[in-house]
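Take a look at the structure below.
The values are calculated or read from the model by the stated rules, or taken from the named source; none is laboratory data. Everything numeric here is computed off the predicted structure, so don't read it as measured data. Because the Cβ atoms are built from the backbone with ideal geometry, glycine has one as well, and the counts that use them run over all protein chains shown. Only protein heavy atoms, including side chains, enter the accessible area calculation; ligands, DNA and RNA are left aside. Shrake-Rupley method; radii C 1.70, N 1.55, O 1.52, S 1.80 Å.
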Amino acid sequence: MKDRIYKSVVLVSFLILLLVQLRLTYNSYVLRDRDYSLKEKTLINDEYGRSISEDKVFKGGGKIIDSILSRNMPALKQAYLNNKKEFVKRSQSVSNALLKDLQKESTMDSVFLSIVKKNGLDSNLQYLLTFQQIEINFDPKIGNITIFDNHTRTDFKADQKTPYGVIIDGTLTDPNVQNRVTNLSVSGKLVYDYRVTFNLFVDPPGRTLKVAYQMLPTFLLVALCIIIIVGINYYTYISWMRQKKETDIKSDFLNSIKHEFNTPITTILVASKSLHEDEVLNDRTRVSALVNIVERQARRLHSHINQMLEISDINNNIHLEETDLNYAILTLVNDYKIKVQAPDSITFDPHGSEILIMMDPFVFTTMLQNILDNSFKHNHSDIKMTVLFITTNKDGYTLHIKDNGKGIEEAMKEKIFDKFFRAGKDNTVSGLGLGLYYVKQCIDIHGWAISVRTELGKGTEFLVQIPKEQTIISTNHL
């Protein structure tokens, strides 16, 4: 439960921090995008305003607007006052005619090119001129009347319209607030007043990529920051999990110590107490039995203590000598058979040739004995069988120790060599979880390798890999 809460808190904290970082980065991008080429936009706005100071939209544009509106003002007024449907229809007709003439007679290319050359601006700059609104005023009491805006039906196709009005001239494909240079409303006075609103957008091609490139150092710093945060969180989590695992292992070890040490100590105390009774002291048979009990339990304690001491001293007391692998295994198996009661069995099939190898006979014997102890101790079959044999491969030799026990779960395979690890919680099987850890230490010291093949319900096979360069093959056959 605590583990899940910890994970949730870390994940939520990281997501919040990530969102804050992304939000700040996005805001920085928006600000940089908005201010991109701010000086150029201000310069173009001023120059464009001066170039149309005595005209509208572009040079000659004022004449077109005045000409069309002056001809149609009386009819528009008459329709507005008498027939609203006719006014809407006539407004659309006038707007279409006005906008088409502005498109046809546009001189905006020369106006914009002149501004660029005069001020030494980027020749790749693109512009877009849009016409947004036309208002007329017949009577101050009535106020301005819109005859064209973005909602007015026109004869123009979709690619000639933008959210900012109908396109009059230019090639810029993405008009927006960031690249809008001018939004002007200019008035005129004919028989009646009017006002037109238009927009000028200017932008270099690929502005978004250019802004992103300018933001690249910021992006990299944010990415680095996120990676560091992820790394710190991951390292903290791994460290916490490792400490938790070590705590669990220590707890399991202490529980095992309590179980393994408590039984013999209790037995020794009970036996010792019985030895103080006169009735027992006078019975030599009972005294002998109690003494044997004390001795066995003391040996059991001594065995556990030695096992722990052996692990701590193994690296300091290694003595390699040339030894025949077949002979070392055969000697141990013959001695071990004394412990095995029929119908259980242990067999060894020696290799066809003598195999001389540099190893510590005592360490090797203790290592192999630990594997054999496990093969019988954790075997609940009716007839327990363990088989040892040696095979040859291209890299050297493989010692196989195979039993017909209950097998090991796949998830446990990688953990069985850990210190104090015990697969399962079966307290009927004694041990401190040090046997296979000791085996792995011995294997590492000799420079060998060990692997496990196992299948639940069918048994386990330990494979000890001995490199060829550590062996001397004899031609003598056994």
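Observations on the model:
- When segment 386-420 is limited to residues that are aromatic (Phe, Trp, Tyr) and at pLDDT 65 or above, the one that is nearest to Arg242 (Cα to Cα) turns out to be Phe417.
- Strands (runs of 3 or more DSSP E) completely within segment 79-183 that count 2 or more residues being touching a Phe, Trp or Tyr at 6+ places or on another chain (Cβ under 6 Å) and open to solvent by less than 20 Å² (accessible area, probe 1.4 Å): 126-137, 165-170
- Extreme residue, farthest from Tyr48 (Cα to Cα), among residues of segment 185-199 that are of a type in the set (Val, Ile, Thr) and surrounded by 14 or more Cβ atoms within 10 Å (Cβ to Cβ): Val196
- The residues of segment 158-176 that are without any contact (Cβ under 8 Å) to a residue 60 or more places away in the chain and more than 25 Å from Ile136 (Cα to Cα), listed by number, are Ala158, Asp159, Thr171, Leu172, Thr173, Asp174, Pro175, Asn176.
Listed here are the residues, each with its yes/no results for (1) open to solvent by 70 Å² or more (accessible area, probe 1.4 Å); (2) closer than 22 Å to Leu436 by Cα; (3) touching a helix residue (DSSP H, G or I) at 6+ places or on another chain (Cβ under 9 Å); (4) assigned to a strand (DSSP E or B).
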site	(1), (2), (3), (4)
Ile357	no, no, yes, yes
Asn370	no, yes, yes, no
Asn379	no, yes, no, no
Thr386	no, yes, yes, yes
Thr398	no, yes, no, yes
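- Check on Thr263, touching a helix residue (DSSP H, G or I) at 6+ places or on another chain (Cβ under 9 Å), surrounded by 12 or more Cβ atoms within 10 Å (Cβ to Cβ), modelled with pLDDT under 80 and polar (S, T, N, Q): yes
- Residue within segment 200-222 that is open to solvent by less than 20 Å² (accessible area, probe 1.4 Å), in contact with a strand residue (DSSP E or B) (Cβ under 8 Å, 6 or more places away or on another chain) and in a loop (DSSP other than H, G, I, E, B) present: yes
- Test: residue in segment 421-438 that is at pLDDT below 85, part of a helix (DSSP H, G or I) and closer than 25 Å to Glu354 by Cβ: no
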